[in-house]
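Colleague: The structure's right below; bear with me while I get my questions together.
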Amino acid sequence: MKKIKIKPQKLFNVAITYLIILAVCFIFLFPILWLVLASFSKTGSIYSFDGFFPTEFSFDSFIRLFTDTELYNYPRWFLNTLFIALMSSLIGTTLTILTAYVMSRFRFKSRKTMMKMTLILGMFPSFMTMTAVYLMMTQFNLINQQWGLILIYSAGAPMGYLTQKGFFDTIPSSIDEAARIDGASNFKIFIKITLPLAAPMIVYTLLSSFVWPWSDFILPQLLLKNKDLYTVAVGLMSLDDTEFSRFAAGSVFIAVPIVIFYFALSKFLISGLSAGAVKQ
């Protein structure tokens, strides 16, 4: 058998690559590990840790999270977040899919101009519009209203329609033409033909529209002043320094549904993203 000789330079490059990968994994995973361990801390305060990690562990933080609700009503915050995220996801997905379908299948005046404008507007960070959003919500009496948040999330969702448009572009237009010859209307083609083919993209859009309101802090902090209307992100930030283990427990628990959804629907996510990629 011939001995395979590995050049020192190649070996060095491989070693450096693995070191970089390990360093990146450490940077991303260490805070998560620390937060999970902190959620099981028995003392509760971050200042009682001996070094980076707690020394005594218990489930008290998770138990108090759902039982001690007089000052910090985590179950109510969780249900508020779930309601806002679900409604925003459903409405936002409907608007995004409709926008993407129209931009993909129909040709009309100013279509390209509208596409360029949405692309440019999407480059600006959302916090630049916070003052305008607050004044608008004040005028419509939507401060301290969960539907005000749902309206903002849903209205902003169609701005990211390009991935969905790329998916619809991959569906041959000859299918639509054949259906029209048989007497089908545009609406019937969309409902009976296009939507069943777009199932992976719909699942991807639902999840991506769900994640934003589920984890957002800035907009709920700006618009929700009543403690009973808080989302989880705003509620956890209102905890005292002595309640850090409860903060960590709440952060860990709020991540569980997202992780479950992603793993359960990963097949649809991958197929939706790959099919929706913009092709030249």
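Colleague: Just one of 71, 119, 98, 82 is surrounded by 10 or more Cβ atoms within 10 Å (Cβ to Cβ), assigned by TED's automatic domain parsing to the domain that holds residue 154 and within 19 Å of the chain's Cα centre (by Cα); which is it?
Modeller: The unique qualifying residue is 82.
Colleague: Could you tell me whether any residue of region 223-241 is at pLDDT 85 or above, acidic (Asp, Glu) and either in contact with a Pro (Cβ under 9 Å, 6 or more places away or on another chain) or loosely packed, with under 14 Cβ neighbours inside 10 Å (or both)?
Modeller: Within region 223-241, one or more residues are at pLDDT 85 or above, acidic (Asp, Glu) and either in contact with a Pro (Cβ under 9 Å, 6 or more places away or on another chain) or loosely packed, with under 14 Cβ neighbours inside 10 Å (or both).
Colleague: Out of the residues in region 242-256 that are in contact with a Phe, Trp or Tyr (Cβ under 8 Å, 6 or more places away or on another chain) and modelled with pLDDT of 80 or more, state the one that is nearest to residue 216 (Cα to Cα). Reasoning before the result, please.
Modeller: Step one: of region 242-256, the residues in contact with a Phe, Trp or Tyr (Cβ under 8 Å, 6 or more places away or on another chain) are 243, 245-246, 249-250, 253-254.
Those left that are additionally modelled with pLDDT of 80 or more: 245-246, 249-250, 253-254.
Values: 245: 21, 246: 19, 249: 18, 250: 15, 253: 16, 254: 12 Å.
Once the filter is applied, the top-ranked residue is 254.
Colleague: With respect to the numbered conditions (1) out of contact with any helix residue (DSSP H, G or I) (no Cβ under 6 Å at 6 or more places or on another chain); (2) assigned to a helix (DSSP H, G or I), which one is the sole condition not fulfilled by residue 70?
Modeller: Result: residue 70 fails condition (2) only.
Colleague: I'm trying to understand the selection: among the residues of region 179-199, which are loosely packed, with under 14 Cβ neighbours inside 10 Å and among the hydrophobic types (A, V, I, L, M, F, W, C)?
Modeller: 181, 187, 191, 199
Colleague: Further question: Only one residue in 192, 227 is more than 26 Å from residue 113 (Cα to Cα) and in contact with a Ser or Thr (Cβ under 8 Å, 6 or more places away or on another chain). Which one?
Modeller: The match here is 227.
The values are calculated or read from the model by the stated rules, or taken from the named source; none is laboratory data. All values derive from a computational prediction rather than experimental measurement. Don't worry about glycine lacking a Cβ; one is built from the backbone with ideal geometry, like all the others, and counts go over all protein chains shown.
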